[in-house]
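**Student:** I am attaching a structure below and will ask some questions about it afterwards.
Coordinate-derived values only; no laboratory data. Since we're looking at a predicted model, the values are computed, not measured. Please note: Cβ atoms are built from the backbone with ideal geometry, for glycine as well, and neighbour counts cover all protein chains shown.
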Amino acid sequence: MKYNPSRVAPATPAGAEEADHQPARIPVDGILLAGELSIVPQSQGIVLFAHGSGSSRHSPRNQFVAGVIQSSGTSTLLFDLLTPSEEQADERDGHLRFDIELLARRLVAATRWLDQQAATRHLGIGYFGSSTGGAAALVAAAELGREIDAVVSRGGRPDLAGAALPRVTAPTLLIVGGRDNLVLELNRDALDQLRCKKQIIVVPGATHLFEEHGALEEVAALSAGWFRQYLTAR
């Protein structure tokens, strides 16, 4: 399936320029996490991506969503939450992808790293999380409080954020596939626990990975619009 961002993506703001892509190396836990920093000129905010189970910064889904977000005028940071050796270990038993505390800690470290970069320290911060990365984004947002301007979860597992949910202050959008029955139920339960500005949007006919025709385009457009609404320069 080839994604077509022009079909439902938000219009690019007048005067918006192409993003400047550059490699990133983010120090955390005594290691360096690889990433790709994409700076859109005149952007007001930047979105950090927290990928889910068995994924990485090279995920075609996240790359696609990031491209639409950049086209809407917002910068992005795609990075690996795990090192290559950790990813290999996780492929064997899947224990790290469900270590929400670890993933959230690394997301917070990446946020702190952006605070130290001249090109990004003035930008509002948003999180985009997928699957277990959605839980990590919510836990990190709860820890950082007003430092985080917005959160979007795509097919996420917000239930794994547990006691952090009522402490999230950032406006949060939960996007779930209409045919992703169990995850949809978990998201509705999590929505009740959130005390921030919140919304759940169900994409009709979509399953967990949003592989159906037009589903990921809708996710990208919704996400870009949410971040454009809530991210403001610091």
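**Student:** Okay, helix-only estimate at 222 nm for the chain: each DSSP H run of n ≥ 4 adds -39500 (n - 2.57), divide by all residues, round to 500 deg cm²/dmol; what do you get?
**Tutor:** Dividing the helical sum by the residues of the chain leaves -11000 deg cm²/dmol.
**Student:** Let me ask another. Remind me, relative contact order of region 26-230 in percent, using alpha carbon pairs under 8 angstrom and six or more residues apart?
**Tutor:** 20
**Student:** State the antiparallel share, in %, of DSSP beta bridges confined to the chain, rounding to the nearest 5.
**Tutor:** So the antiparallel bridges in the chain amount to around 35 percent.
**Student:** Write down, largest first, the equivalent ellipsoid semi-axes of the chain in whole Å, where each equals the square root of 5 times an eigenvalue of the alpha-carbon gyration tensor.
**Tutor:** After diagonalising the Cα gyration tensor, the semi-axes are 22, 22, 18 Å.
**Student:** How large is the charge dipole for the chain, taken about the Cα centre, if only the Cβ atoms of Lys, Arg (+1) and Asp, Glu (-1) carry charge, to the nearest 20 debye?
**Tutor:** Once rounded to the nearest 20, the dipole reads 580 debye.
**Student:** Give the residue from LEU102, ALA34, ILE175 lying farthest towards the positive end of the charge dipole for the chain; charges sit on Cβ (+1 for Lys and Arg, -1 for Asp and Glu) and the dipole is referred to the Cα centre.
**Tutor:** ILE175
**Student:** Mind running the shape call on region 161-234? Use the C-alpha gyration tensor, a ≥ b ≥ c as the square roots of the eigenvalues: rounded below 1.5 for a/c, prolate if a/b tops b/c, oblate otherwise.
**Tutor:** The shape class here is oblate.
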